[in-house]
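Comments concern the structure below.
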Amino acid sequence: MNQRQNQATAENRNTRRIAFVQACWHKEIVDRCRVSFTAEIAKHGFGEADVDFFEVPGSLEIPLHALLLAESRRYAAIVAAGFVVNGGIYRHEFVAEAVISGLMRVQLDTKVPVISAVLTPQHFHEHDEHKKFFYDHFVVKGAEAAAACAATIDKIGRLRSPS
């Protein structure tokens with residue numbers, strides 16, 4: 001790619017918006033993903049003003065919110081962050097499958113990429129060791145989601161733009 005194409009790609013990326021949808025179940029842990037995402041996405045040419053943040057009660061509410069955001073056509077990508085654990089009213093496996101399948105359906109139906117930072121650990125216990133592990137792990141997942149988001153926006157932008 002030549003310098004002019006690089007500049008055009010960077011300019012296009014900087015004008016694109018990202019939606020970040022976060023579940024509030026275990027908010028203190030999931031917040032780490034949002035903070036890390038925001039810091040990392042800046043390294044890819046997106047400022048905090050380029051990202052709209054939305055909160056939903058739990059992970060089951062993320063797919064519908066993502067669908068409505070994708071259908072608005074205001075966003076180049078949607079990032080979903082949540083924490084699905086055992087111990088709620090619903091079985092862990094049911095919620096995890098519903099959320100992840102819903103997110104996949106959103107991106108396939110709307111052609112707006114959805115990046116998942118919804119973690120669905122098989123075992124989570126409300127003790128300090130597990131809380132700390134996932135508190136730290138969501139920092140990693142936020143950075144990974146930002147890198148995947150920026151790369152996906154760039155690659156899809158290239159696929160959609162005429163040669």
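I need the full set of residues from segment 63-82 which are over 9 Å from the mean Cα position of the chain (by Cα) and of a type outside the set (Gly, Ala, Ser), in order please.
Within segment 63-82, Pro63, Leu64, His65, Leu67, Leu68, Leu69, Glu71, Arg73, Arg74, Tyr75 meet the criteria.
Exactly one condition in (1) modelled with pLDDT of 95 or more; (2) over 15 Å from Thr152 (Cα atoms) is not met by Ala76; state its number.
(2)
Among the numbered criteria (1) surrounded by fewer than 19 Cβ atoms within 10 Å (Cβ to Cβ); (2) touching a helix residue (DSSP H, G or I) at 6+ places or on another chain (Cβ under 8 Å); (3) at pLDDT below 95, which one does Thr15 miss?
Evaluating Thr15 over (1) surrounded by fewer than 19 Cβ atoms within 10 Å (Cβ to Cβ); (2) touching a helix residue (DSSP H, G or I) at 6+ places or on another chain (Cβ under 8 Å); (3) at pLDDT below 95 leaves (2) as the failure.
Scan segment 98-133 for residues that are part of a helix (DSSP H, G or I), crowded, with 21+ Cβ neighbours inside 10 Å and either modelled with pLDDT under 95 or of a type in the set (Phe, Trp, Tyr) (or both) and jot them down.
Val99
So, in segment 28-43, of the ones that are surrounded by fewer than 16 Cβ atoms within 10 Å (Cβ to Cβ) and at pLDDT 95 or above, which residue ends up farthest from the chain's Cα centre (by Cα)?
Taking segment 28-43 as the starting set, the residues that turn out to be surrounded by fewer than 16 Cβ atoms within 10 Å (Cβ to Cβ) are 28, 35, 39, 42-43.
If we keep only those that are at pLDDT 95 or above as well, we get 35, 39, 42-43.
Details: Val35: 12, Ala39: 14, Ala42: 15, Lys43: 16 Å.
It comes out as Lys43.
What's the total number of residues in segment 18-37 that are closer than 22 Å to Val112 by Cβ and not in a helix (DSSP H, G or I)?
6
Taking Ile78, is it in a helix (DSSP H, G or I) and closer than 16 Å to Val118 by Cα?
Numbers: in a helix (DSSP H, G or I): no; closer than 16 Å to Val118 by Cα: yes.
Answer is no for this residue.
The values are calculated or read from the model by the stated rules, or taken from the named source; none is laboratory data. Computed from a prediction, not measured in an experiment: that's the story for all the values here. Cβ atoms come from the backbone with ideal geometry, glycine included; neighbour counts cover every protein chain shown.
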